[in-house]
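The values are calculated or read from the model by the stated rules, or taken from the named source; none is laboratory data. The structure displayed is predicted, hence computed values, not measured ones. Neighbour counts are summed over all protein chains in view; Cβ atoms, including those assigned to glycine, are modelled from backbone coordinates with ideal geometry.
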Amino acid sequence: MTATATPRPRIAVTLGDPAGVGPELIARLLSRPENTAAADIVLVSDEAELKSAGEDAGAPIAYSTDPAAGLPVLHGNGAARPAAAFERRKATEAGGRWAIANLAVALDMVKDGRVDAVLFAPLNKSSLHLAGMRENDELRWFEEVLGVRSFTSELNVLPGLWTARVTSHVSIADVDAGITRDNVVEAGLLLDRVLRDAGVAAPRIGVCALNPHAGENGRFGRHELDVIGPAVGDLAARGLDVAGPFPSDTIFLRARDGAFDGVLTMYHDQGQIAMKLMGFDGGVTIAGGLPVPICTPAHGTAFDITGEGRAATGSIQNAFDLAVRIGSRRRAAA
Ligand SMILES: NC(=O)C1=CN([C@@H]2O[C@H](COP(=O)(O)OP(=O)(O)OC[C@H]3O[C@@H](n4cnc5c(N)ncnc54)[C@H](O)[C@@H]3O)[C@@H](O)[C@H]2O)C=CC1
Ligand SMILES: NCC(=O)COP(=O)(O)O
């Protein structure tokens, strides 16, 4: 029997917000030969950004503009570089514009089928908004640019445990309106699908309640009785191995002990506090529901430590590894 080689995926990489830890993390990621050997990497950036990232990291980035050179390939973003250097450790319009320009090129590559996955280093949502992004976050912007009309959600990933969210980057005052039976069902179906894509043959999904103690039989709110419970029934009727709603102050104890492969959360912090406590140094966020996996560290721009060489690389490494794994699988299936 002949072994089938795993195809090298093509991955577009952006350095994120130039004011934050993203550029130095990408430089350190690419300084490991096993990473540059794992994928055909397209760096959407410019020479000045790569040089400054390498200086911050104490690890110059080796790249080429010639795809035949066997190095990460530099692909410009077509944007004019601002005359002044990017301010560091601060959300700025210029930084947001630069990050958006790089991502826009990466999304063009997605649309044209030129890449199997995207990795972006942390963005700063305030910079994005200063730069004119109307959507609350980059995932809603990705949807718009890629013309995706179906349900999307950030997926957070630790070894052996994934989460999806019914609502995400919205005010806590708007969570209630987002918890509809349809949204819970769509988020549950998405979580089941991505777990299967990631190789979990029969995903076990636990669903969070919204209210304290799952509403205590309606006394502290009726979302569990009227919306989430019926949606869990809908998902079970569609063949998913799904249970809940469970009180969210204890569901992650069970998840940590292996009871679930995926947990469906109702709002951002419900899942993120638990996931970041369990594995801040390795967490990954994937934009779920898009044509290709778009991966990023679960941590943000960390302005307080930018340029100090202290930023941990576990999450960017895991985000890269996931992009390689899922991208390679997609390439093999194409
Ligand atoms: N991947 C992405 O694009 C993400 C972007 N963000 C954005 O980042 C911005 C800042 O968010 P914050 O809530 O301040 O969270 P943050 O993750 O940037 O920082 C929170 C704390 O964690 C520390 N930290 C973060 N990454 C670290 C690393 N690699 N090594 C060591 N310590 C690290 C920081 O120094 C800080 O004390 C926001 O605009 C947020 O929306 C947040 C999460 C993910
Ligand atoms: N930029 C990705 C992002 O914001 C994900 O952060 P989180 O919502 O997973 O904390």
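Within the stretch 166-184, residues that are within 15 Å of residue 229 (Cα to Cα) and in the same structural domain as residue 207 (by TED's automatic domain parsing) sit with their Cβ atoms under 8 Å from residues that are outside any loop (DSSP other than H, G, I, E, B) and of a type in the set (Ser, Thr, Tyr), at 6+ positions apart or across chains, in these pairs: 166/153; 166/265.
Table: residues versus (1) among the hydroxyl-bearing types (Ser, Thr, Tyr); (2) farther than 22 Å from residue 256 by Cα; (3) exposed (fewer than 14 other Cβ atoms within 10 Å of the Cβ).
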| position | (1), (2), (3) |
| --- | --- |
| 187 | no, no, no |
| 193 | no, no, no |
| 204 | no, no, no |
| 217 | no, yes, yes |
| 225 | no, yes, no |
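Taken over the stretch 5-26, the criterion of being surrounded by fewer than 24 Cβ atoms within 10 Å (Cβ to Cβ) and touching a residue at least 24 places away in the same chain (Cβ under 8 Å) is satisfied by 6, 7, 8, 10. Figure legend. Inter-residue proximity from the stretch 308-334: first residues over 21 Å from residue 290 (Cα atoms), second residues more than 8 Å from ligand 1 (Cβ to nearest atom) and assigned to a helix (DSSP H, G or I), beta-carbon distance below 8 Å, spacing 6+ or different chains. Indicated pairs: 309/24; 309/56; 309/57; 311/24; 313/28; 313/29; 317/29; 317/35. Identify, from the list 136, 156, the residue that is polar (S, T, N, Q), surrounded by fewer than 17 Cβ atoms within 10 Å (Cβ to Cβ) and within 30 Å of residue 42 (Cβ to Cβ). Exactly one residue qualifies, and that residue is 136. Here is the figure for the stretch 106-135: residues that are within 16 Å of ligand 1 (Cβ to nearest atom), in contact (Cβ under 8 Å) with a residue 60 or more places away in the chain, part of a loop (DSSP other than H, G, I, E, B) and within 19 Å of residue 78 (Cα to Cα) total 0.
Could you check the stretch 156-251 for helices (runs of 4 or more DSSP H) lying wholly inside it with 3 or more residues that are under 21 Å from residue 293 (Cβ atoms)? Spell out how you get there, then give the answer.
On the way: elements: 175-178, 181-197, 229-237.
Here the list reads 181-197.
Taken together, the residues in the stretch 307-334 that are more than 29 Å from residue 147 (Cα to Cα) and buried (at least 22 other Cβ atoms within 10 Å of the Cβ) amount to 1. Of the residues making up the stretch 145-161, those that are under 18 Å from residue 299 (Cα atoms) and within 16 Å of ligand 1 (Cβ to nearest atom) are 153, 154, 155, 156, 157, 158. For the residues 143, 87, 55, the requirement of being within 16 Å of ligand 2 (Cβ to nearest atom) and at pLDDT 95 or above singles out 143.
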